[in-house]
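Below is one structure, written out as structure tokens; the observations come after it.
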Amino acid sequence: MPVLDDIKGFVTVAQTGGFTHAARKLAISTSVVSRRIDRLETELGVCLMLRNTRGVTLTPAGNEFYRRAQLILRELDNAYQAVAERKEEITGCLHISTPYSFGIRHLEPVLTRLSTRYPLLEFDISYNDRYVDLLKESFDAVIRIGAISELSFAARRIGPIPTVLVASPAYLEKHGTLQTPDLISGHQCLIYSGRTHAEWVFQQGENRISLLPSGRFHSDSGEVLLKWALNGRGIAVFPHFMVKEALSEGGLVRLLPDYAMPEHDLYILRPPGVRVAGKVRVLFDEMVAYCRDALQGP
């Protein structure tokens, strides 16, 4: 029977895509990871993964074992959680994925509260804007902004995320301000390239205006776009939470405040299942409590 450490080593290599990343995540040496995989393959009598200079590729047998091993490790973690909760302890490791800009501003305070309240709880947080596979990558929870497609997952709507159009005072002094959306075509727009639908939409009463912005500067990083906006390179649309501080300090100015822009729903998702691990339950509760006040719109 394969030992648990060997199974954990295999699953971590499959998740991270290589022995070096897996060793770093497990806090052991690369040679130890390699020995665990070799021992597991010998025990099973099959090749689970193909090694090359760019990483690893799972064989058909490896994919099957990976799928089942993830479920085993998740259930084992749930078993630990169930026993710990009998002692009113929240333990284990919370594996969370969050959009980068939201995470550094609003997940961090939540993590601070949780880490103080539950000293046995550990955290493994992925800060990125890619669309992660919650089950395949073994996340306990995923934070999403916008529509969600995983209808079978347990999702909790936290609240709306307002969006605003902004520019720096220096840009407006040089290029003039805006009175109506149709004048946007005469300005340099800073464009977020991380999504396929990049229209800017404005609503005033029954009047709805949708336009495709144009400009010289494109990026898939909201933080880069924010720096460009603060440096006076153009006008841009942001979630209000990203520019709230800059607006209050005068680094940015809100444009077209008489026109409403679309709101995007903020969700937190977990894998399907009736039983909710204590660590996930406290995360959901703390996120809702914190965001109720922190995400107030303009």
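Cβ separations smaller than 8 Å between residues 6+ apart or across chains give the following pairs from the range 280-296 residues that are β-branched (Val, Ile, Thr) to residues that are surrounded by fewer than 16 Cβ atoms within 10 Å (Cβ to Cβ): Val282/Arg117; Val288/Arg156.
Being part of a strand (DSSP E or B) and among the basic types (Lys, Arg) narrows it down to one of Arg233, Arg254, Arg281, Arg275, so name that one.
Within the list Arg233, Arg254, Arg281, Arg275, the selection yields Arg254.
Of the strands (runs of 3 or more DSSP E) entirely within the range 130-228, those holding at least 1 residues that are more than 30 Å from Phe284 (Cα to Cα) occupy 163-167, 190-192, 200-204, 207-211, 217-219. One residue alone among Gly222, Gly205 is assigned by TED's automatic domain parsing to the domain that holds Pro169, loosely packed, with under 15 Cβ neighbours inside 10 Å and farther than 20 Å from Lys174 by Cα, and that residue is Gly205. Being touching a strand residue (DSSP E or B) at 6+ places or on another chain (Cβ under 9 Å), over 21 Å from Ala170 (Cβ atoms) and in contact (Cβ under 8 Å) with a residue 24 or more places away in the chain is the requirement here; does Trp228 meet it? No: the conditions fail for Trp228.
So, Leu256, is that one at pLDDT 90 or above and at positive phi or not?
Spelling it out, Leu256 is indeed at pLDDT 90 or above and at positive phi.
Among the residues of the range 161-183, those identified as surrounded by fewer than 20 Cβ atoms within 10 Å (Cβ to Cβ) and of a type in the set (A, V, I, L, M) are Ala170, Leu172, Leu178, Leu183. Counting only residues that are surrounded by 18 or more Cβ atoms within 10 Å (Cβ to Cβ) and not hydrophobic (A, V, I, L, M, F, W, C), the range 249-264 holds 1 of them.
For the range 208-219, filtered to residues that are under 22 Å from Leu252 (Cα atoms) and among the polar types (S, T, N, Q), the residue that is surrounded by the most Cβ atoms within 10 Å (Cβ to Cβ) is Ser219.
If you filter the range 111-157 down to residues that are touching a strand residue (DSSP E or B) at 6+ places or on another chain (Cβ under 9 Å) and among the polar types (S, T, N, Q), you find that the one that is nearest to Leu76 (Cα to Cα) is Ser138.
Can you list the strands (runs of 3 or more DSSP E) lying wholly within the range 33-127 that have 1 or more residues being more than 30 Å from Gly146 (Cβ to Cβ), among the small types (Gly, Ala, Ser) and outside the structural domain of Lys279 (by TED's automatic domain parsing)?
55-58
Hey, could you check the range 265-279 for residues that are in contact (Cβ under 8 Å) with a residue 12 or more places away in the chain and aliphatic (A, V, I, L, M) and say which is surrounded by the most Cβ atoms within 10 Å (Cβ to Cβ)? So the residue we want is Ala277. When Ile161, Ile191 are screened for being touching a Gly at 6+ places or on another chain (Cβ under 6 Å) and of a type in the set (Val, Ile, Thr), only Ile191 passes. Which residue, of Leu44, Leu73, is in contact with a helix residue (DSSP H, G or I) (Cβ under 8 Å, 6 or more places away or on another chain), surrounded by fewer than 18 Cβ atoms within 10 Å (Cβ to Cβ) and closer than 28 Å to Gly278 by Cα? One residue alone meets the criteria, Leu73.
The values are calculated or read from the model by the stated rules, or taken from the named source; none is laboratory data. Because the structure is a prediction, the values reported are computed rather than measured. All Cβ positions, glycine included, derive from the backbone under ideal geometry; neighbour counts span all protein chains shown.
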